[in-house]
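The block underneath contains the structure these notes are about, expressed in structure tokens.
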Amino acid sequence: MFSKVPKTPDFPGMELGVLAFWQEKDIKARSMARNAGRQKFTFYEGPPTANGMPHPGHVLTRVMKDIFLRYRAMCGFDVLRKAGWDTHGLPVEIEVEKEIAAEMGLSDAEREEMGGKQLIEKYGVAKFINKCRESVFRYEGEWRKMTDRVGFWCDMDDPYVTCHNSYIESVWWILKRYWDEGLLYKGHKIVPHCPSCDTALSSHEVAQGYKDAEDPSVFVRCPAKGRDNTSFLVWTTTPWTLISNTALCFSPDYDYVTVKNGDEFLILAEGRLAALFGDNLPEIVDRRKGRDFEGMEYAPPFSFVETDKKAWYCILGDFVTLDDGTGIVHIAPAFGEDDYNLGKKHDLPFLQPVDTNGRFTPEVTPWAGKFVKDADPSIIENLRERGLLFHSATYKHAYPFCWRCDSPLIYYARSSWFIKTTAYKDTLLKVNNEINWVPEHIRSGRMGDFLENNVDWAVSRDRYWGTPLNIWACEQCGEKECHDSAASLKQRAAVWPWKDDADIDLHKPWIDEITFRCPACGGTMKRTPEVIDCWLDSGAMPVAQWHYPHENKDKFEALFPADYITEAIDQTRGWFYSLMALNAFLFGKSPFKTCLVLGHVLDKNGAKMSKSKGNVVDPTAAFEKYGADAFRWYFYRENNPWLPTRFFEEAMFDVQKSMFLTLWNVYSFFVIYANIDGFDPREHTAPANQRDPNDRWVLSRLHRLLGDIASGLDSFAIMAPARSVELFLEDLSNWYVRRCRPRFWKAEKDADKWAAYATLYECLTTLCRALAPFTPFLSETLYGNLVRSVDPDAPDSVHLCDFPAADASLISGELERAVASVRDIANQGRSLRSARRRRVRQPLAVMKLKIPAGPARDALVPFLPMLQDELNVREIVFAESFDDLMAVTLKPNFKTLGKKLGKHNKTLQDKISQDTKAILDALAAGGAFTLDTPDGPIQLAEADFLKEFTPDPDWAVGETVALDLRLNDELVSAGLAREIVHRIQNIRKDLDLDYQARIIVALAGDPRLMAVAGEHAEYIKAETLCIALECGAALDAEAVTIDGMILTAAVTPVAD
């Protein structure tokens, strides 16, 4: 009926077989098509870049996506699972730069010295672009393999690809919408700039790259003009910017003091004196407000760059704080946003002796060509030699690094194209509030904070491999045009570089060959040279994946917004933001309804995984050793997915052992005995209300579990449903199956046996469908053997089935509470046996239960036979109390007796030791006891005694359970018989005998044990499938000791 199940499952091998089955039967495509036309559940895939190998973090996002898509498909939704590839941008360029440098025979040092852009130009932009296009799909095979291997079903045969012309045209349409609204503009601003990549970055890119760094912390003297031996004291963590200093900034309302420091005078904020000088405060010789210094001049730290305007004087600003430094801020307008704004306000000179690679220009003669941060130590030494350095130390703080090349960023004034996101900040905040963030605190926390401080998006990049900025400008008059398609360009083009539309490639350098006549002056219009931020590419995917609005309008409108997206937490300021920023502008709403934000994957010790640390776990190796289901389950059950998760090999082993082997053992048990007894689920059925209380209990637990899973997954919760599954499996394996084994093992094929099989079959087949979204491989294996093997009309795959619905009529809280009570009693009984060293195989005569008469006691009655068997007791009786099992010891309570006893303390002690019972009887009868003394009677109340209760030594007494520990010969003999059975069963296990194998047993040893074996021969034979039991003959076998008595047993299998 059912295929034989291996005792030791090879989960990875089994999963490979499932993959082959899915491929052969085209299960993925059929699953994705089976709900076509029904209510849609739309998922947007955050596009990975396939120019690198996938790591555990990538696998995590895939399993967190897959579980909800499988679940919704099983619930009848038409689920969109379109894959995508992010192909543009710096990540790709950096990798290709390394490749072409090696191809050109350049060392790493030579490549860095030349710089990326010069390298690319020398190699050839067209060749470089083609290399980039090849690179982005280099590891597509590995990504496909990983995606399939982990069981993530998405349409990778028809993905959206950000470098395709159709995708670029949709991005151009978005940019043109901004252009038409006046929200795409070119500005000269301070922007975060990567010197290595030689391009500006957006604020959300910068937010992803902060790391702790140590920078110089220097306090510098700027001599005040017209005041002898007096200096303004300023502080900076970027000494290289001092070369571009043009002003000093004071807060108008702070108090500033002039202090005598040895032979010199220093000017700084009074509020910073203690921080700089500690307890050795210098003498204050002058105090005045910051506004009083306005216009005062000073000598700059450096004067390499000539100025064409007035410089080096004191100005006022409202951003100066007393949190650190000196309360005087040095201003370099080319290298800071506040500095830049003040420079414009006061018409300060703009000194920028640093090129876009972050190197000093020739006029800075001591450090010309040197990277600015590398020059810091030498600059500090120069200040020291000239007597301008007051103090130098290091300063640990969060500093922004390039999110892709890991170079330190600098803030740099340059021209760039911006999207004016600040113009619709309120819409962004409204959209954010409408999203179901999981966890909820993302809304007002990480994302909300970022949106509140939103700045215009620096959207252009001075690079090569990216969506070209679609703006053409006239070289003569500056007239500009924005185009949203190749067709639009072709209508205007004076030069069109492609003969055939099939050859069109909208990338550099070919797009730059397109020129056209200026409608304003007749001049030539050329494309502005920038490409755009690749995050704009990814944020455009809701429209661009359909080439909207150029085509597929109905499809886009039917599938927007997405019901669900998920990625790691760093995407709050990456893909999540770009999606929100673009679509809030385009459509006034979020492009997704629910976003599950994932924590990062860490190593065993909680450290971030990195190749340099050698702590990256290879997902492929984990799959090969433990299987993808174990990987999936670990991340589902370990903690809430938004928290960081430690991932290591031993965790896979623990999951496999605790979860998968438990389920497998139940499955194996069922198959073995169902095949032995010929159970047929189509014939051997029983209505739920006619089944054993244990059956009804486990079905109640099963359907409660189904409700828990559904309510959890409906609300995008994973951990709680996963752990509920584990609790149910524990109930199923360690209680239901274990307690019902006699029903499966008995010889009679009666209604009770078939009901037990039907119940376990229902649990397993329902569970394999409920687990299908979690563990798609194991579920498929169980389904194939348990369902398809007996019902040829059943769907080919568990993933073509509906998710099982909870049946409320089968859920009984009363029954579940009763069994919980039974199990609690069983645990108490086992604990009492263990404490008094009475092993469970030793029968006991009586167990008393202290449970008052009423519903709770009545609910236990059907389970009393089970409790008798579980705790191996012959009789269970109810009791109102255990007082009759307790010995009471009395002691005087001297706190209440006080002076009442006086010199008669010994009289009371003697009475207690001689006749405790008389005292107790008197107290019970009237609440008082009269102590006779030579000086007359003393009346004592119950409060005058302390009672200590000690269980009768013949009983083990707990809170609810009491066990009679007295043994007679019959009980001892029965216990020894069980020990003999236990030994024989162990030998059967060691011989790896089939469950139906009959045996011949020979026993030798202590005469007492031989007598017990003879007395209980039928019991021993029935329990061990023994057809002949021989006792007394000498045996050449390993001996064991039972209660100090020697037993030797030999087991011989009987040939079929």
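The values are calculated or read from the model by the stated rules, or taken from the named source; none is laboratory data. Remember, it's a predicted structure, so these values are computed and weren't measured experimentally. Note that we place each Cβ from the backbone using ideal geometry, even for glycine, and neighbour counts take in every protein chain shown.
Quick notes
- If you go through the stretch 506-525 and keep only what is charged (D, E, K, R) and either on the phi > 0 side of the Ramachandran plot or touching a helix residue (DSSP H, G or I) at 6+ places or on another chain (Cβ under 7 Å) (or both), you end up with just 508.
- Residue count, the stretch 24-44 (criterion: without any contact (Cβ under 8 Å) to a residue 12 or more places away in the chain and more than 15 Å from residue 784 (Cα to Cα)): 3
- Unmet requirement for residue 35, which otherwise passes all of (1) in contact with an Asp or Glu (Cβ under 8 Å, 6 or more places away or on another chain); (2) closer than 28 Å to residue 580 by Cα: (2)
- For the stretch 103-125, a residue qualifies if it is part of a helix (DSSP H, G or I), among the hydrophobic types (A, V, I, L, M, F, W, C) and at pLDDT below 90, and the qualifying residues are 109, 114.
- Residues satisfying the stated conditions in the stretch 184-230, i.e. within 18 Å of residue 536 (Cβ to Cβ) and aromatic (Phe, Trp, Tyr): 185
- Taking the listed residues 217, 231, the one that is under 21 Å from residue 315 (Cα atoms) and assigned to a strand (DSSP E or B) is 231, with no other qualifying.
- Filter result (in contact (Cβ under 8 Å) with a residue 12 or more places away in the chain, within 18 Å of residue 325 (Cα to Cα) and not polar (S, T, N, Q)) within the stretch 256-274: 256, 257, 259, 265, 266, 267, 268, 269, 270, 271, 272, 273
- Flag if residue 252 is in contact with a Ser or Thr (Cβ under 6 Å, 6 or more places away or on another chain), more than 30 Å from residue 529 (Cα to Cα) and not basic (Lys, Arg): no
- Qualifying residue in the stretch 260-270 (condition: assigned by TED's automatic domain parsing to the domain that holds residue 221 and assigned to a helix (DSSP H, G or I)): yes
- Boolean, residue 935 is out of contact with any Leu (no Cβ under 8 Å at 6 or more places or on another chain) and in a helix (DSSP H, G or I): no
- In the set 459, 495, 438, only one residue is among the aliphatic types (A, V, I, L, M), under 24 Å from residue 550 (Cα atoms) and surrounded by 17 or more Cβ atoms within 10 Å (Cβ to Cβ); that residue is 459.
- Filtering the stretch 248-296 to residues that are in contact with a Cys (Cβ under 9 Å, 6 or more places away or on another chain) and among the charged types (D, E, K, R) leaves only 294.
- Odd one out for residue 362, checked against (1) at pLDDT below 90; (2) part of a loop (DSSP other than H, G, I, E, B): (1)
- Complete set of residues in the stretch 718-748 that are touching a residue at least 60 places away in the same chain (Cβ under 8 Å) and more than 30 Å from residue 639 (Cα to Cα): 739, 742, 744, 745
- Any hit, the stretch 189-201, residues being assigned to a loop (DSSP other than H, G, I, E, B), acidic (Asp, Glu) and over 38 Å from the mean Cα position of the chain (by Cα): no
- Residue match in the stretch 581-598 (condition: modelled with pLDDT of 95 or more, under 30 Å from residue 715 (Cα atoms), in contact with a strand residue (DSSP E or B) (Cβ under 7 Å, 6 or more places away or on another chain) and not in a strand (DSSP E or B)): yes
- Filtered by the rule that a residue be outside any helix (DSSP H, G or I) and either at pLDDT 95 or above or within 19 Å of the chain's Cα centre (by Cα) (or both), the stretch 48-81 gives 48, 54, 55, 75, 76, 77, 78, 79.
- Consider the stretch 941-978 and keep the residues that are touching a Ser or Thr at 6+ places or on another chain (Cβ under 6 Å) and of a type in the set (D, E, K, R). The one that is surrounded by the most Cβ atoms within 10 Å (Cβ to Cβ) is 944.
- Once the stretch 1005-1025 is narrowed to residues that are in contact with a Cys (Cβ under 7 Å, 6 or more places away or on another chain) and within 25 Å of residue 747 (Cα to Cα), the residue that is surrounded by the most Cβ atoms within 10 Å (Cβ to Cβ) is 1013.
- For the condition surrounded by fewer than 19 Cβ atoms within 10 Å (Cβ to Cβ), part of a helix (DSSP H, G or I) and outside the structural domain of residue 709 (by TED's automatic domain parsing), residue 852 does not qualify.
- Breaking point among (1) buried (at least 21 other Cβ atoms within 10 Å of the Cβ); (2) part of a helix (DSSP H, G or I), for residue 512: (1)
- Options 1002, 928: the member that is within 20 Å of residue 1047 (Cβ to Cβ), more than 53 Å from the chain's Cα centre (by Cα) and hydrophobic (A, V, I, L, M, F, W, C): 1002
- Whichever residue in the stretch 533-571 is in contact (Cβ under 8 Å) with a residue 24 or more places away in the chain and more than 32 Å from the chain's Cα centre (by Cα) and, among such residues, is farthest from residue 447 (Cα to Cα): 550
- For residue 943, the conditions (1) outside any helix (DSSP H, G or I); (2) in the same structural domain as residue 910 (by TED's automatic domain parsing) all hold with the exception of (1).
- Test: residue 498 is free of Cβ contacts under 8 Å to residues at least 24 places away in the same chain and more than 42 Å from the chain's Cα centre (by Cα): yes
- Picking from residues in the stretch 191-227 that are among the hydrophobic types (A, V, I, L, M, F, W, C), surrounded by fewer than 21 Cβ atoms within 10 Å (Cβ to Cβ) and at pLDDT 80 or above, the one that is nearest to residue 357 (Cα to Cα) is 213.
- Some residue of the stretch 311-331 being in contact with a strand residue (DSSP E or B) (Cβ under 6 Å, 6 or more places away or on another chain), in contact (Cβ under 8 Å) with a residue 24 or more places away in the chain and closer than 16 Å to residue 413 by Cα: yes
- Matching residues in the stretch 779-803 - criterion: being within 18 Å of residue 627 (Cβ to Cβ), among the hydrophobic types (A, V, I, L, M, F, W, C) and out of contact with any Pro (no Cβ under 9 Å at 6 or more places or on another chain): 782
- Residues located in the stretch 872-899, provided they are outside any strand (DSSP E or B) and under 27 Å from residue 838 (Cα atoms): 872, 880, 881, 882, 883, 884, 885
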